[in-house]
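Notes follow the structure.
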Amino acid sequence: MSAAWAVWRKELAIYAATPLAYVLAAVTLSLAGLFFWLGVALTGEASLRVMLSDLAVAQLFIVPMLTMRSVAEERRQGTLELLLTCPVSPGAIVVGKWLAALTLCGIVLAATGVFPVVLAMYGDPDWGVIATSYLGLGCVSAAFCAAGLFASTLTDDHVAAGLLGIVMLLPLWLLAGAERVLPRAWAERLAPLGLVGHLQSFGHGILDTADLAYFAALGCGFLVLATHRLEGRRWR
């Protein structure tokens with residue numbers, strides 16, 4: 001784990017020196033503010049349900065752009081081979097880079113904590129629903145960071161890596177509308193694989209172990225794939 005923490009610190013330092021990270025953080029917070037205002041104005045509810053669900057959709061495009069340089073840039077610069085020859089396992093590299101991206105997502109998400117405070121000043125929000133909504137968005141961020149990291153191991157072009165991450169995640173989101181375009185039997189089989197159905201319960205204040213297991217499996221699956229990709233490069 002010490003090796004993973006070393007990679008985590010290194011990646012956080014890189015993010016801190018990368019203008020793209022600040023741009024993506026600013027875009028995320030701007031969208032969060034817009035979604036918060038629209039949610040309260042359109043529904044009249046002292047709730048973050050609209051903001052957090054819409055922000056989860058935005059994360060599908062933002063997070064792969066954040067993680068696209070994680071491995072692809074190291075491959076392009078030739079530093080990945082040097083990293084792989086160090087006494088650091090591919091698994092530690094993947095976990096460290098994933099934790100760094102997730103930490104940055106957590107910092108940006110924590111900055112939206114001003115919105116519940118505003119709701120408390122002018123309304124009576126349901127704090128349980130707010131807590132589960134944030135938990136759901138955290139699960140989404142963790143899974144998306146893992147997917148973006150895996151996409152970054154597939155190419156040395158960071159722009160292509162970002163687009164690959166979006167392409168991998170988009171079908172999981174679109175499965176929510178599978179019943180409108182697919183036969184009923186197929187739609188019923190594919191519906192459990194969709195992101196939206198597993199995210200909605202968080203927005204209603206419900207903690208379902210099936211939803212938690214879904215995001216855990218999704219994130220772990222992409223991390224394992226990323227580790228195998230790096231392991232393969234180590235022995236070339």
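The values are calculated or read from the model by the stated rules, or taken from the named source; none is laboratory data. None of the values given here were measured: they were computed from a predicted structure. All Cβ positions, glycine included, derive from the backbone under ideal geometry; neighbour counts span all protein chains shown. These area figures cover heavy atoms from the full protein model, side chains too; ligands, DNA and RNA do not enter into them. Shrake-Rupley method; radii C 1.70, N 1.55, O 1.52, S 1.80 Å.
Worth a mention:
- Matching label, Cα extents along the principal axes in Å computed from the structure shown, candidates (i) 57, 46, 29; (ii) 56, 42, 32; (iii) 63, 39, 34: (i)
- The Kirkwood radius of the range 1-130, taken over pairs of alpha-carbon atoms, gives through the Stokes-Einstein law at 4 °C and 1.567 mPa s a diffusion coefficient of 79 µm² s⁻¹.
- Computed magnitude of the charge dipole of the chain (debye, nearest 20; Cβ of K, R +1, Cβ of D, E -1): 700
- Acute angle (nearest 10 degrees) that the helix 49-67 long axis makes with the longest principal axis of the chain, alpha-carbon atoms: 10
- Cα-based shape type of the range 1-42, given that a ≥ b ≥ c are square roots of the gyration tensor eigenvalues and the cut on a/c is 1.5: oblate
- Between helix 2-16 and the chain: long-axis angle, C-alpha atoms, 0 to 90°, nearest 10: 70
- Carbon/sulfur fraction of accessible area - the range 1-137, other protein chains in place, 1.4 Å, %: 72
- Comparing 16, 143, 58 in a Gaussian network model of the chain (Cα springs below 10 Å), the most mobile by mean-square fluctuation is 16.
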